[in-house]
Structure formats: structure tokens, C-alpha cells
4 protein chains.
Amino acid sequence: MSSAKPARVHAPRLAREQRVDEILLAARDLFCEKGYELTAVAEIALKLGVVEGTIYKYFATKRELLLKVLEYWYEEMFGDYARDLAGQSSHRARLHLLIWRHLRSVRDFPRLCRLMFREVQSEHDYRGSLLHDLNRRYTQLLVDVIEAGIAGGEFRADLPAPLLRSLVYGGIEHHSWAYIMNATVKNGRNVCGRGALDIDSLAEQLTTLVCEGIAVRHSHPSSAPIRGEDIPRGASA
Amino acid sequence: MSSAKPARVHAPRLAREQRVDEILLAARDLFCEKGYELTAVAEIALKLGVVEGTIYKYFATKRELLLKVLEYWYEEMFGDYARDLAGQSSHRARLHLLIWRHLRSVRDFPRLCRLMFREVQSEHDYRGSLLHDLNRRYTQLLVDVIEAGIAGGEFRADLPAPLLRSLVYGGIEHHSWAYIMNATVKNGRNVCGRGALDIDSLAEQLTTLVCEGIAVRHSHPSSAPIRGEDIPRGASA
Amino acid sequence: MSSAKPARVHAPRLAREQRVDEILLAARDLFCEKGYELTAVAEIALKLGVVEGTIYKYFATKRELLLKVLEYWYEEMFGDYARDLAGQSSHRARLHLLIWRHLRSVRDFPRLCRLMFREVQSEHDYRGSLLHDLNRRYTQLLVDVIEAGIAGGEFRADLPAPLLRSLVYGGIEHHSWAYIMNATVKNGRNVCGRGALDIDSLAEQLTTLVCEGIAVRHSHPSSAPIRGEDIPRGASA
Amino acid sequence: MSSAKPARVHAPRLAREQRVDEILLAARDLFCEKGYELTAVAEIALKLGVVEGTIYKYFATKRELLLKVLEYWYEEMFGDYARDLAGQSSHRARLHLLIWRHLRSVRDFPRLCRLMFREVQSEHDYRGSLLHDLNRRYTQLLVDVIEAGIAGGEFRADLPAPLLRSLVYGGIEHHSWAYIMNATVKNGRNVCGRGALDIDSLAEQLTTLVCEGIAVRHSHPSSAPIRGEDIPRGASA
DNA sequence: TATGAATGAGCATTCATTCAT
DNA sequence: AATGAATGAATGCTCATTCAT
């Protein structure tokens, strides 16, 4: 006669913010391990010991959860960028730093990159989203460095900065593709990529490749469409 | 078996090929219009006036159909590449041609590009597929040009050609992303991209950006790891 | 316990009542605007600036809230019926008044009618509910008028009063259906029905239609199962 | 080593029309037994020994299935109406027939009536639907009879036929409400209503009630707003 | 060769209600 | 009296693929 229905056991009550963080973390890990589509909201809930409804209390849709996971990541990536950039002695060094740090992000969180490419950027709701804005601000850092370098006489004056930005970020993405696709992951963080990314070497190569094209210098008369300028160039070490 | 019907040995094969082409065309158009996921096999069949089963006679899976559509496209893209490249007077001109033709492909078939990025390259079966091979051979053309340019003394000797390749193709992809995402399409071909791609100007800018970094010239002594060579070189390979 | 606060014995009860009224009003408005199912308890709470739990303090279930909303309405509808009926000079006039006032209710509160029909009367808990009882007392008024009219010799003696009641209320409901379904509403009150109800004309037509069937008169001998009576009867009861 | 997956057993292949009929029947029975909401599509499928997908092959949505079930019913109800009506000797007899047959429908299929009222007529997609049209054509039969009766001099000339139609159908609905709500049902057909509907008696009462109001006759001078006309009246038997 | 009927797994989302604080 | 975090059940629908005819 005692009721067969088990007493409802509630998960411990958490403050809103804590719960949100927990959910974001669990979602990030599962999305990274199994991909977005293959992760059921129920799994995320299970991992936290709550029910699906609890997650929907804090996130309106599964997709919103994905976007928030990536927004979190972007916010981390901004970190102390401003300070670190300021600490560099030349614009080229700043460029190198941006490239290196981006490569590091790719190396450490390949699956989050994959989520960005596959699930977010190629959907129509990306345009105009907060994530789009974060992404623009993130890559804008490079544009700023380029423009500062131009102003400082370290880079050529006629550079198409946005195209350059695409060259760098698109180039890194393209080059890391196989790594991104095959990396395996634990708790959202890379565990073993098939042939890890040698980010130091890559950053160096990329920076050189780019700079030797943009650094002001005496160009070969026949192929340079730009007037060589004789500006003093202290920073170009 | 002793039918009076005259033996038309090749006729059935022709019919089969025609059917296959028909299907590929219909599939390409629908995939481009609505995307891969949102296109039902039944729709493709409907467009051809057949039933689903018929399509499965010729293609084992929907995904195989997608891959074949893209393989066809790649094969078209190879076209007269070899001849056209040979017709160029310098390695820089060949590089420019590759860039321009790739941009043209993006401009004319943005939705096929999108299928490549979204549906194919980010799936695990891409690695090792025929399409992967085609893609490699396609981008290898650029590597070949670079290496020929190096051998011919037109480009610097120590260039990391694969990275350069990623720079170019990844850069183009990145730069064209918004265009690719928003292009509208009719019969697989672009109708109106939001802000068309100015491929002439882009090709010029890209080539310059890349070449000024790789073309042999007097570099700034302290930052150039490569010996500048002074010989103007009539650019033929 | 020995607080200096003056004992306000009834104040809390008043507060409670006010709260209840607030909730009923908010619920009525939302139920009318969006329908019962589509109104979430959370929305009602939101509208009042409280949380869901607060509403459950005063109403055990959402459905109870609905029933109470409609009970309130019925109680208003009774209003001064008795007095107003008494003021009429004939039973026919009383019947006309009942019909007219019912039509006015439909015209002014079409969405509440809809809630009655759709959400309440067609559920199994209606039978035996307070609302059912109110509804019966409400329609009983018409039966009473009919019977008084019979007793007073104004109406035929053999009328099936309950069937007549159904004819009137069912007929009104049926005739107003499109209006009820399409009315738009603000704060529970009708704003603009698609093609407003001309209740004066309708009431007249209905009364005539019904009375010419029930009023004592010379009927056609062959079809009338009732003895026609020849006495002109000054219609007062 | 033998696969654990059971061999897929297909339900017997049926011709499209047979399958459709089967589904409609099963759906009708379940909707009548449990109501629309409480019937899961999976249950209907189960009853037929097929899977849900099969049902969706023939009906786009669960709601479409409901509508088709009711359309079927309406079409049956039209039956030999025209012929049967023509067989009546007076307009009053025709009216009686309409009322009686409608009552019979209510008596035999109370749950289908309930579906009409609850699930269909009070939804916004009803207006303009095929079902709406069928319903109008069905009730139009009565309007036609009324108008023929007017033309034939059997009914009064100034009758508001649409209002009369509402009176009859709305009245029947209202009067049968408790029966409709409480009827229990087997295979879509009524088994035992709480207090069965005495349709013969009801039809007689209703016809009389209505006719004594509409049949042309010498009205009581003081209460009749209509000029008594001395038209020859053969049909009024 | 073509048909087209049948399969069947898979999951996001809502919201009335409870109850610890 | 009020809060608000947590529950948890319940299901319509899609579509690639198969296979009997």
C-alpha cells in the first residue's frame, strides 16, 4: 500500500550562476566529445544529475546553449590580450603574438573550433549574433595591429588589412584542418591530435611569410608596385 | 533469350549514364538551393519524375550522391588548367591565374563551396575519399607552381609551400565566407550574392600580398632569412 | 506577541482578497487573450510581478483558477436579474429580456463564452461543479419565465420547457459561433468582433420566432396538437 | 554471431486506398474512445500493426487525420438525403426528417460530435476548411427546406432562415450535451449513453415547436407581427 | 528496371506543480 | 507570505533506406 512512486529527490539547490556555469561546462565537454547534433540535452542533464527541464530553465534552446558555450570561450580568449600586446616591442612582434595565441587556441580546443566552423558560422543565425560580434572583435585585433604598424611606418601603407586578416585566420584554419578534425578530446581540452600542431614553428613561419610581404623595405624594382620608402626602421628586428 | 530485338550493346550503358547525369544535376541543384540536410531524396526523385528507389539503383546512399556531385564539379574545375598555366609567362602570372580561377569558382558556385566546407570536409569520411584526393590534386597545382618558381629562381628558396597553399585557399575561403553564406542560387549557379565578389581586384591584391613576400628581391638585411638574388629573371620557367 | 502594532484584525483578510482578485483579473485577461492552454501560470504571475508559487498559495490548480474566473463572471451576470424581470409587463417581455441580456453577454465577453464551451463544458469535471450549477440556475431563469407564462395563460400549456431552453441558449450559441471564435479582446472585454452582433435585432427575431410558436393563438387546425384558445389575453402575468 | 537485430518484418503491403481506410477507421475509433489529444499516433499504428511512419505516409499530420475522419463521417451523413427528402409529402415532413436524422447521428456517434465541437470548430483553422464547407452544406439542407416551404406557402414569408437553422442545430446540440459528454463508445459507435436519446419523441417535439412558429396560419392578431395571408395552402398537412 | 509501401530510430521542448529556504 | 529552483512525463514527426512486387 505504500506508494510505488519513488519520492521525488531534488538535486541540490544551486544559485543561478553556479548552475549556469555547471551546465555550460558539461555542455561544452559533451559537445566537444560527441559533437553538437549527437549530444542529447538529456545527456547533459544526466551528467549533472538534474533533469532536462532544469537546463531549459536557464537556456531557452539547445542551440542557445551551444552559442553560450562558445561565447564563454571567446571571452576567455580575449583574456589579457591588450596588456600582452602592449608589452611587445614591435608591431611585427605583436602580429606574431596574435598568430601564436590563435594557434594555441586551435591546438588546445580543436573541437570548439570545429563547433564554430561547422555548427555556428555556417548557419544563418550567425550573422548578427553576439558570437559574430565577438569573432569580429577578436580578429579586429589583428587589423588594429596592422594599422598601427602602418601608422608607425613598420608596414606598407597600402595594405588591404581585412584581406590580410582573412589570409592569417583563414590560413591557420585551413592548415590546421586535419588536426581539428581528428583531435581527440577530454573535458573539452585536446588530448591527442593526430600529429600535434607545432605552434611555435608555425607561428614563426606564418609571421615571416606575412611580414616579408608587408614590412616596409627596399623591394625589387621590377615587381614591387609600391614605392620603396626610406623610413628609419628601428622596430623591424 | 532469342529475342528478335536487335542487340544494342551500348545503348543500355548510355541510358544508364544519362540517368546518372540527370540525377546528379537534379541533386546538385537541390543541394545548392536548400542544402544537403534539407533536401530529401524523395524531392530529387520527384524533380525527375521517378521514385526514390530508382535513385538508389544508381547511388548507394544519399551521401554518395553528394560526393559524386562535388567530384563532378572538381573535375570540371581541372578543365584546361594545365594548358592555361603553361600559357603564362611567369610563375607569378601562374599563381595569379590559380587564385583568379579559384575565386571565380567561389563566385560562380558558392553553394557548392558551402557543401564542401559544411557537409564534406568536416565529416570523418572525408579523409581518404576520392574527393579529398581531388581536392589535394587541385590545391597541389599551387604547390607545383610555387616549387617551379623556386626552382626557376623567381621565388625564395626556403618557402613552406604547404603553408603557403593554406594561406591562399584558406584566405580566399575566409574572405568569401559572408558571400558564400548569403549567395542565392538558381540551378546550382549563383544568381545574386549579397555584395558580389570583385574577383579581378581580389586576385590582384592577393597575388601581390603573397608575392611581395615570396618574390626574390633585396630584403631588409636583418629580417630576411633568405639571400636576395639580384638577377632580373624573364619569368618563364 | 506584545507588539505595539495596533491589531488590524481584518486587514490581512482584505489583503488576501485583494490578492485573489488581482490574480483572477490577470488570469481572466490572459485566458481571454491567449486561451487557457496557451496561458502559462508563469505568465499570470509575471503580469502581477510575483512568482508562480504565490499563485498556488491561493489556487490549488490552474484549472481551479479558470473555474473561479468563470464563476465570477456568472455571478456578475445574475446581477439584478430578478428585479429587472419583475419590471417587465408580460412574460413575452421577460423572455425577450433574457434573450437580449444573454446576447449582450456573448457580445461583450465572447472569449469567456469560448472558455465555457471549449475548456469547461466539454470536460468531465464539469458535471457536478459549481459552475455547472451556476449555469443551470442561469438558464433556469428562462424555464421559470416559460412556466410562469404557461401558468398565466400566455404560453401554451404543453411546452417542453427544457427543450425550449436548449433551443434558445443553444441557438444563440450556434448563431454567435463565428463571432465568438473571431472576436478580439482587450482586458477580457470585446474590442472588435468580425461583424459585430446586432443584439437588438437578434433578440427581437428570436423572441418572435420562439413566441409565435408558443404563444397561445388560433393555430391551423390540422397541424396543431394544442387547442387554440380564443381569449385575447392582456399579456401581464 | 548471428545478428541480434531481428529481421525487419514488414506489414502486408496494402493498396493505398485500403491502407487509408484502415487508418481512418482505427483513428476514428481511438479518437472516439480516448479523445484526440489522448490518442498517440503510435497507438493508431500499433492497432494496425504498422509503424508511425506508415501513417505519416498517408496523412501529413495527426490533425489532418482527425479532419479526414470527420469529413468521412459527414460524407456518410449526406447519404441519400436528397432522395429521402424528395420522398416526403410536405415541407414540414422534410423538416422533421432533417431533425430526426440529425438526432440519429448525434445518438449514434456522440463522440464524433464531441470531436467536432471540441477539437475542430473551436480551432482557428476550421474557418475555410473542407469540413467547414461540408458542415455548411449539411445545415444548408435545412435552410433549403425552409425556403422551399416559404415559396410553397407552407411557411411564413419573413422567416430569418439562418437564425432558424441555428435554433435547430444549436438547440439539438445544447439539448444533447450531457448525452454527448457521457456516452461511452465502442468502435466509434455509441454503446450506452447515460439515458439514451429518445430521438423519435425529440424530433416530434422539436418539429412542432418550430413549426407552430413558422407554419403559415391565422395568428393571434395582437401578437403576430406578420400579416396573416390567405394563401391557399395545400401542402400543410 | 522501376515502383512505392513500409520501416524505425531518435529527441527537443513545455509547463503545471512541489517544496526547501 | 513569498520565493524560485527543480521536477519529469509525454509525443509528433522526418526521412534514408529496404525490398516485395
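Structure notes:
- Meets criteria (in a loop (DSSP other than H, G, I, E, B), within 14 Å of another protein chain (Cβ to nearest Cβ), more than 16 Å from DNA strand F (Cβ to nearest atom) and surrounded by fewer than 18 Cβ atoms within 10 Å (Cβ to Cβ)) for A:ARG136: no
- Unique match (being at pLDDT 95 or above and at negative phi) among B:GLY152, B:GLY171: B:GLY171
- Any hit, segment B:112-131, residues being out of contact with any helix residue (DSSP H, G or I) (no Cβ under 9 Å at 6 or more places or on another chain) and either farther than 24 Å from B:ALA26 by Cα or within 8 Å of chain A (Cβ to nearest Cβ) (or both): yes
- Segment A:146-177: number of residues that are open to solvent by 10 Å² or more (accessible area, probe 1.4 Å), among the aliphatic types (A, V, I, L, M) and assigned to a helix (DSSP H, G or I): 3
- Residues of segment C:38-79 satisfying the condition of being open to solvent by 50 Å² or more (accessible area, probe 1.4 Å), of a type outside the set (Val, Ile, Thr) and within 14 Å of DNA strand F (Cβ to nearest atom): C:GLU43, C:LEU46, C:LYS47, C:GLY49, C:GLU52, C:TYR56, C:LYS57, C:TYR58, C:ALA60
- Filter result for A:THR54 (near DNA strand E (Cβ under 7 Å from one of its atoms) and among the β-branched types (Val, Ile, Thr)): no
- Residue check, B:GLY228 in a helix (DSSP H, G or I), within 12 Å of chain A (Cβ to nearest Cβ) and at pLDDT below 65: no
- For first residues located in segment C:79-103 and closer than 17 Å to C:GLY149 by Cβ, partners that are among the acidic types (Asp, Glu) and lie 6+ apart or on another chain with Cβ distances below 8 Å form the pairs C:SER90/C:GLU154; C:HIS91/C:GLU154; C:ARG92/C:GLU154; C:HIS96/C:GLU204; C:LEU97/C:ASP84; C:TRP100/C:ASP200.
- So A:TYR81, is it at pLDDT below 90, in contact with a Lys or Arg (Cβ under 8 Å, 6 or more places away or on another chain) and either more than 30 Å from A:VAL41 (Cα to Cα) or within 16 Å of DNA strand E (Cβ to nearest atom) (or both): yes
- Residue within segment C:111-118 that is in a helix (DSSP H, G or I), touching a His at 6+ places or on another chain (Cβ under 9 Å) and of a type in the set (Phe, Trp, Tyr) present: no
- A:PRO12 within 11 Å of DNA strand E (Cβ to nearest atom), modelled with pLDDT under 95 and either open to solvent by 40 Å² or more (accessible area, probe 1.4 Å) or of a type in the set (Lys, Arg) (or both): yes
- Any chance A:GLU33 is within 11 Å of DNA strand E (Cβ to nearest atom) and charged (D, E, K, R): no
- The residues on offer are D:ALA82, D:ALA26, and the sole one that is within 30 Å of D:TYR169 (Cα to Cα) and open to solvent by 70 Å² or more (accessible area, probe 1.4 Å) is D:ALA82.
- Test for A:ARG94: is it away from DNA strand E (no atom under 16 Å from the Cβ), within 28 Å of A:GLY35 (Cβ to Cβ) and either open to solvent by less than 20 Å² (accessible area, probe 1.4 Å) or touching a helix residue (DSSP H, G or I) at 6+ places or on another chain (Cβ under 9 Å) (or both): no
The values are calculated or read from the model by the stated rules, or taken from the named source; none is laboratory data. Only a predicted model underlies this, so the values are computations on that prediction, with no experimental measurement involved. Quick reminder, even Gly has a Cβ in these numbers, built from the backbone with ideal geometry, and neighbours come from all protein chains shown. With ligands, DNA and RNA removed, areas are computed over all heavy atoms of the protein, side chains included. Shrake-Rupley method; radii C 1.70, N 1.55, O 1.52, S 1.80 Å.
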